[in-house]
Structure formats: structure tokens, C-alpha cells
1. How large is ³J(HN,Hα), in whole Hz, for each residue of the stretch 65-81 in order, when computed from phi with the Karplus curve 6.51 cos²θ - 1.76 cosθ + 1.60 and θ = phi - 60°, using x for Gly and Pro?
2. Can you figure out the FRET efficiency of Val162 with Ala513, using R₀ = 30 Å and their beta-carbon distance, to the nearest 0.05?
3. Specify the angular offset, from 0 to 90 degrees and rounded to the nearest 10, of the alpha carbon long axis of helix 38-49 from the longest principal axis of the alpha carbons in the chain.
4. Could you look at the chain and say what percent of its accessible area is carbon and sulfur, using a 1.4 Å probe and all protein chains?
5. Sort all Cα-Cα distances of the stretch 371-419 into consecutive 10 angstrom bins from zero, then give the percent of pairs in each bin up to the one containing the longest distance.
6. At Gln291 and Leu699, where each label point lies 7 Å from the Cα along Cα→Cβ, what is the point-to-point distance in nanometres?
7. When ligands, DNA and RNA are left out and all protein chains stay put, how many square angstrom of accessible area per residue does the chain have with a 1.4 Å probe?
8. Once the piece of chain linking Glu206 and Gln227 is laid out straight, how much longer is it, given 0.36 nm per residue of separation minus the C-alpha distance between them?
Amino acid sequence: MNEEEVGRDADGQVDLVDFANQVKGLVDDCDNYLSQLSNTRQRALEYYNGTMSDLVADTGRSSVVSKDIREEVKKLMPSVMRTLFSNDKIVTYQPVDQESEDQAEQATDYVNYKIVPKCGAEDAIIDALMDAILLKTGILKTVAYTERISKQYKYTGQPENVVIALEADPNNQITDLIASPETDPDVLMIDPQAMLYDFTLKRTEEVVRPCMEAVQRDRFLIYPSAQSIEESPIVGEKEYVTRSDLIERGYDRDKIDDVSEHLDEDITSDRFYREGDDYGSDLQGNRNRSQQLILIFTVYVKYDLNDDGISELYKVVLLDEGTEKYHENAILDIQEVDEVPYFPVKIEREAYQFEGRSLSEDLVDIQRINTSFLRAIIDNTYWQNNQQPVVDYNALTEEGLEAVYNPEFGRPIIAQNGGSESIKFLQVPFIADKVFPIMSYMKEMKKARTGISEASGGLDPETLRQMTATSAGIINEGSLAQSEMMIRTLARGGIKDAFRSLLRLVIQHTDRAQTLKIKGEWVTYDPRVWNSEMNCCVNVGLGAGSKERDLGIMNTVLALQEKLFAAFGADNPFVKPEQVYNVLEKITESAGLPSASPFFTRPDPQEIAAKMEAQRNEPTEADKKLQAQMQMEKYKADRKVDIETAQLVADKDVEEAQMQADIAVEEVRAANRSDLENQRIAANMSMHADKMDLEYKKLQRVN
């Protein structure tokens, strides 16, 4: 685009009419380039649908079509789809620094569980992938739509303060308001004039919804010489939008009303070839005015509007006015933007080219050859079953001729004048057996070109009966090599860039934190504080092969983790509990179960830390053995002390018993001595008494 030709006024402002026509010139260049590729696109779509209008069958001959392209696509798609979507996390975001570790984890969960199910990402990727397989390049687009959501609620018996509070919200509209006197005596004591209200509340909210879409290849615009979207001076798309939708987007109604309806979308697009037998003509002329389709161009142009010598990126929305030159009203919108929201999806990259290489390019000529040979085989077989008769016209009656021309089982051919030999059949040589080897060769050529074999779509069980597990594994791995290469190209290209752009839209259009229940837990997410420059990777580690292969790999990983735990303990530098849970989760998913949560509990970091701290405080085996030995020695010492104490007590008891016995003996002896003394004294006293009595008696005799 030669910007010197664009006029400016006295203040240096760009003339919008000149600017619109400059952009229109670029759009025309892109549209012409798009038309140059239309024949290739349309042929690929026809071949995929089995139409092949460029190989018309002769009248009365076979018109069968060999659907080689469709056959190879059906072999390839299962492994690609299983790889991209069997994981509950299509994409994982990666932190840009140490502080954004938690942000990356939250962004991964939020986008995969909250945004992806509602933004149309899966359908968009599938559509873009099909375009890449058939039409060289698919296109993904990220966009944020503003939706007005209206809901109605019925209220009855509400006090006046509730009505006032609801009316204060600009998003609310109250209708059908009916007042009635308050009947609650407690309320009437405070306000005798109190009233109650019945009404209808209509609440309208504007919600911004980030979306991912696929752009039909026949509507995507890129400059012919550009090797990438980044270096193209203009990128955009043709859109057929109703007048109503354009007005709803906020564009000027007067400009939209002045534009004529666009009636030839089906002629200029690939729709007829894409839909095949499902095509139905759209009678646009019968639509009401608000639903009439208008052609607009939404393009992203590099242009120096501020005249500083450096091109900025502008989003421009142009109305197609159907004229050679545009006027000022052709511009519906113009605004400076940061990035182009389009991302190319390719299954095979071509060096130094924007367009990739499609699967159909490798198969178009093979499908033509196979179709021709297949028709020849069928026609030749028909000739064998319906040989052409050679008849002697004069030797047959009219009824006999009719029987020859229209043969029926059991119907006689009536000959006359001995004309039984007058009917012969033209012998057409059988060539089908000569064609089969050629078709087998074409099959091998097809496999050599695409790298896709029968095993890509699943091996026939009969094939595996006489095959070892090792041989089957080698064949399976070889058949998956091509699909794995395609998946890597997809994952590291447009799909990854599209999810990075989707995260930026989420961050840009989130107005508040949200608390969501994800994977069985309530978590608060606030995308506004996330780093919008986080990178991401598409999860394609598993799924490229069979589920049995995935299960085998994960079980091997789990066995290695168990060995590391056994060798180095739970607090080892190689494997953490969270990583073990990840393996269990993958095993559950590979088994076809939707989630691991019903079977395993995700480890709590705080609980793990507490247990690890408790384990660190526990004694080692040597400590435990030493402690047990010390306890045994202490027990022995305690037992010895107890025995010695008991012996001392026993000796003391014996000694005390001996002492008591000695005392008792001594007491007995003392008692005995006392008794003897008492007896001696008594005897002495008795003797003394007797003596005195004797003396007394002697005295009496004397007297």
C-alpha cells in the first residue's frame, strides 16, 4: 500500500475516503488470491465427498468413486482427536517467573474447566483441523462477544424500600407495579401509611464472553506474498452478517440501512462443495429486512495514521458497497489494537510459505487412478455377466429379437428356419485380475506418501493372531509416526498461540473475582491479577497411541516412582506425592473414566508437610534399635535393683523375725526367771512364816 497517495487535511488528519479505498485495494488483492486457490479447495472438498465432477463417467458405464481421501482422513482423525481432547486439560499455562507459579496453575484450571466448555474451542479446533487436512491451512480466531442477557422475576408483597433498592440498579426495570395496604400490625404501628407491592423485575446484564472460532478458509484474507500472518500488511476475513447483528454490535444503523443486501454468497464461497449432498439453496431474497445478509470485511491493517513514520496495527470494519470506489460511510469502525487474533493451523509445514501441505494433495491423483481402475473392473465384470449378443436378424422372429434385447430368466428365444446357431455372444476378455495388482501398488504408494497404514485406524484382530506382541508394537508405532508428527505440528503452532490469545481475552474482560467448584473443590479465581504474557503448551504427551499403550506407559512410570519412594523415602528429591497423583489421574483417564476424584484424593500440601515433619522427627531404625537396647538394659538394671531390694527386705524381715524370736525367748526366760524368783521368795516367805509361827508357838509354850 502506497501511503503517500492517501490525502491529509490541513491538520494532517487522514482522509477517510482515501484510507477506505486504500484498504479496499488491499482487500481486493487478498480476495483475488483467495479466488486463485478456490479450484484446489473445491476439488479437495469434492473428492472428500466422493463427487469428482472432473472425472465424469461415460453414459451407461460405472460411476463409482474410490473415496481414498475420506478413507485416510477417517484413519487419521481418531488418534488426533484422542490426543487433543482425551485429556481433561487441553492446554497447560506456564509461569513467566517464580511469582507466577500459582497464577499459571490457576489459569490452567480456569481456562480448561470454565472457559473451554463454553467458548466453542473444541468445535473450532475440529473445524480448523479439517480445513488443514483438506485445504492446506485452517484458521482459528479468538474474539470476545458482548451479550445482553435478560431475565424476568416475579415479586409479591415487597415493602417500598425493596422497590427503591431494585430501581437504583440501572440494569433493573420494574413493570406491572401494583400497590396494596400493609396488613402487619407491627409495621403499621411504625408507619400507618405503609404499602406492599407486587411487580415484575426485568434484569438485563451485559456479559463479555471470550470465544474461539474457526474461520472458513474461503473467507480468510491474507496478502498473497506474505509468508506469515505477522508479516502480512493486512489480515482479516469476509463476513456475511445480518443487518440485525450489525446493529446489535453497535454499528451505525444509517450506514447499514444504505447498503444493499448481498445475494451471491453461495456462488463465491465453498459452501456448495463443502456440503455436498447436504447442500440446500438459501433463498435470501425471501428474508425480512433485518435478517438480510450484508457483506463486511473485518481486517487488521498495518498503517501509519499518526504520521510518525512507524506503522501501527488497526482493526478496520468495512461495508461492501458493491461499487468500485468506496466513500466515507464504508468504514463502520476503526481502532488501534495490539495483536491480530488469527492463528494458522497446519498438519504439515511448507518451508517459507504461509500455506501448509494438506493430506488431499498427496491423494488426489491416487484417488483419480483408483476410481478409473475401479470403474474399469466393474464395467468389465458387467460385460462378463451381460455379454453382448451377435444375432442373425433374419433367423429370429420378432418375439425372439425382443427376448434377445430384453432377456428374462426362462424366456425362450424363438428362431425360424433352423436358426438355432444364429445367436452368438461377443467375448470380452476378463481384465479385472490384471488390475488388482496395480490397485495394490497404488495402496502401497498411498501409505508411502501419507505414512498412514491400516493400523492407524485400528488393526484387524485377524491380523494379530499370528503376530507376536513385539511385532504388533513395531507396526503400531510405525503407523502412528505420521499422526504424531502432525499432532506436534498442530500443538506447537496455531493451537498454542490461540490459547495464549484466549487467556489474554479472559484477563482483559474479567471484572471481578469468581469462586468456582473445580475438581470437587471451591476455589477463588481472579484473572485480573494474572500475567497476560504466560506461555502455554498443548498437552499431547499421551493419546497418540492406543489406550493400552498409554496405560502401559503410565504403569511403568508408577513402578519407577514406587522404587524411588522405597529407596529414598517419601521426602526424596525425585518424586513428590503430587506427581504420584498425576500418574494415577492419567491412568484413570486412559482407562476411559471421566475423573480420578471418585477413586483417589488429591494430596493436600499442608497435610503432606505436617506428615513429612512428623516423619523427620521420628527416630531412625538405628535409633530405634539403640533405644530398644537401652530400654532392655534399663529393664535389666531395674530388675536387678528390684531383686536386691527384695533380698534386702527379706533379710531384714528374717533379721527382724530372729530378733522378735530372741526377744520372745528372752521374755520367756525372763518370765521363767521371775517365776522362779517369785517361787523362791514365796518359799522363803513361807519358810520365814513357818519359822515365825514356830517361834510364836514356842513363846506361847514358854508363857
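1. Each residue of the stretch 65-81 in turn: 10, 7, 8, 5, 5, 4, 4, 5, 5, 5, 6, 7, 4, x, 5, 5, 5 Hz.
2. Step by step, r from the Cβ atoms, then E = 0.65.
3. So the inclination is approximately 70 degrees.
4. Working: 21630 of 42130 Å².
Carbon plus sulfur share of accessible area: 51 percent.
5. So the P(r) values, bin by bin, are 24, 38, 22, 14, 2.
6. Label-label distance for Gln291 and Leu699, simple model: 17.2 nm.
7. Values: 42130 Å² over 703 residues.
Heavy-atom accessible area per residue stands at 60 Å².
8. Values: separation 21, 0.36 × 21 = 7.56 nm, distance 3.92 nm.
Length difference between fully extended and current span is 3.6 nm.
The values are calculated or read from the model by the stated rules, or taken from the named source; none is laboratory data. Because the structure is a prediction, the values reported are computed rather than measured. Neighbour counts are summed over all protein chains in view; Cβ atoms, including those assigned to glycine, are modelled from backbone coordinates with ideal geometry. Quick note on the areas: whole protein, heavy atoms, side chains included, nothing else; ligands and nucleic acids left out. Shrake-Rupley method; radii C 1.70, N 1.55, O 1.52, S 1.80 Å.
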